[in-house]
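Participant: Just dropping this structure here.
Any read-out appearing in this document is the output of simple, stated calculations on the displayed coordinates, not a laboratory observation. Quick caveat, the model's predicted, so the values are computed rather than measured.
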């Protein structure tokens with residue numbers, strides 16, 4: 001499950017706790033810091049990654 005807040009960042013719930021993502025890299029794109037990523041992308045809180 002994902003928790004997203006543009007001011008605080010992007011958090012992913014795992015079986016062992018919560019990860020705070022500092023950088024992300026979309027497929028075929030450059031790596032970027034999470035604040036830049038969130039400024040250009042809308043992430044829905046509560047989605048489940050499979």
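Participant: Provide Rg over Rh for the chain; use the alpha carbon set for both Rg and the Kirkwood Rh (inverse mean inverse pair distance). Walk me through the numbers on the way to the answer.
Facilitator: Values: Rg = 10.8 Å, Rh = 11.4 Å.
For the chain, the value is 0.95.
Participant: May I pose another question? How much length, in nm to one decimal, is gained on full extension between residue 18 and residue 35, taken as 0.36 nm per residue of separation minus their Cα-Cα distance? The partial results should precede the final answer.
Facilitator: Working: separation 17, 0.36 × 17 = 6.12 nm, distance 1.80 nm.
Here the answer is 4.3 nm.
Participant: Given only helices, namely DSSP H runs of n ≥ 4 each adding -39500 (n - 2.57), what is the per-residue ellipticity at 222 nm of the chain, to the nearest 500 deg cm²/dmol? Intermediate values should be presented prior to the final figure.
Facilitator: Values: 1 runs with 7 residues, N = 50.
That comes out to -3500 deg cm²/dmol.
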